[in-house]
Amino acid sequence: QVQLVESGGGLVQAGGSLRLSCAASQRIAGIYAMAWFRPAPGKEREFVAGISRTGGRTVYADSVKGRFTISRDNAKNTVFLQIGSLKPEDTAVYYCAANRGFLVSGRGDEYDYWGQGTQVTVSS
């Protein structure tokens, strides 16, 4: 079982940036596609960004394209989400998730492991 621990959240003014981290308890390189989700009105969770097992492919929600960047350091079993040009509507708990599937999925129910989340609050 993989344990995921997020960090890096905080309070930031609109237009600011943060770097979220997700540290895995074991090797994820070549095994798990990784993604970030956040709750959204009317949804249990909203896909934000995902990265393939090797890091060669990234996928973003339309709402964050050009502002957020997902990356992974497989040597450190860590995934990052650089979030910038933040808006108040980006305020949420951001969750990291791991999926054994080959493709990056936008469906939360296809992810096997989840972290406890890190709070991001954007003030206007």
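The values are calculated or read from the model by the stated rules, or taken from the named source; none is laboratory data. In this text, all values refer to a predicted model and were calculated from it rather than measured experimentally. Note: ideal-geometry Cβ built from the backbone for every residue, glycine included; neighbour counts use all protein chains shown. Side chains included, ligands, DNA and RNA excluded: accessible areas come from the protein's heavy atoms. Shrake-Rupley method; radii C 1.70, N 1.55, O 1.52, S 1.80 Å.
Of everything listed in (1) of a type outside the set (D, E, K, R); (2) within 20 Å of Ile83 (Cβ to Cβ); (3) modelled with pLDDT of 95 or more, the single unmet condition for Ala40 is (3). Restricting to the range 86-115, name every residue that is more than 24 Å from Thr54 (Cα to Cα) and open to solvent by 70 Å² or more (accessible area, probe 1.4 Å). Passing the criteria: Lys87, Glu89. For the condition open to solvent by less than 70 Å² (accessible area, probe 1.4 Å), part of a loop (DSSP other than H, G, I, E, B), touching a Leu at 6+ places or on another chain (Cβ under 7 Å) and of a type outside the set (A, V, I, L, M), what is the one hit in Gly30, Gly16? Result: Gly16 is the single residue among Gly30, Gly16 that is open to solvent by less than 70 Å² (accessible area, probe 1.4 Å), part of a loop (DSSP other than H, G, I, E, B), touching a Leu at 6+ places or on another chain (Cβ under 7 Å) and of a type outside the set (A, V, I, L, M). When each of Ser63, Ser124, Ser52 is tested for being among the small types (Gly, Ala, Ser), surrounded by fewer than 16 Cβ atoms within 10 Å (Cβ to Cβ) and in contact (Cβ under 8 Å) with a residue 40 or more places away in the chain, the lone residue that passes is Ser124. Applying the condition of being without any contact (Cβ under 8 Å) to a residue 60 or more places away in the chain and within 14 Å of Ala23 (Cβ to Cβ) to the range 72-99 and asking which residue is nearest to the chain's Cα centre (by Cα) yields Val79. Checking each residue of the range 102-116 against the condition of being modelled with pLDDT of 95 or more, within 16 Å of Gly9 (Cα to Cα) and touching a strand residue (DSSP E or B) at 6+ places or on another chain (Cβ under 9 Å) gives at least one match.
Taken residue by residue, the range 13-22 has at least one member that is more than 17 Å from Val122 (Cβ to Cβ) and touching an Asp or Glu at 6+ places or on another chain (Cβ under 8 Å).
Against the list (1) crowded, with 18+ Cβ neighbours inside 10 Å; (2) more than 14 Å from the chain's Cα centre (by Cα), the condition Cys22 fails is (2). Filtering the range 102-120 for residues that are small (Gly, Ala, Ser) and in a strand (DSSP E or B) leaves an empty set. On the basis of being open to solvent by 60 Å² or more (accessible area, probe 1.4 Å) and aliphatic (A, V, I, L, M), does Ala75 make the cut? Spelling it out, Ala75 is indeed open to solvent by 60 Å² or more (accessible area, probe 1.4 Å) and aliphatic (A, V, I, L, M).
Here is a yes/no grid of residues against (1) within 20 Å of Leu103 (Cα to Cα); (2) among the charged types (D, E, K, R); (3) part of a strand (DSSP E or B); (4) out of contact with any Lys or Arg (no Cβ under 7 Å at 6 or more places or on another chain):
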{"site": "Phe37", "(1), (2), (3), (4)": "yes, no, yes, no"}
{"site": "Phe47", "(1), (2), (3), (4)": "yes, no, yes, yes"}
{"site": "Gly50", "(1), (2), (3), (4)": "yes, no, yes, yes"}
{"site": "Ile70", "(1), (2), (3), (4)": "yes, no, yes, yes"}
{"site": "Ala75", "(1), (2), (3), (4)": "no, no, no, yes"}
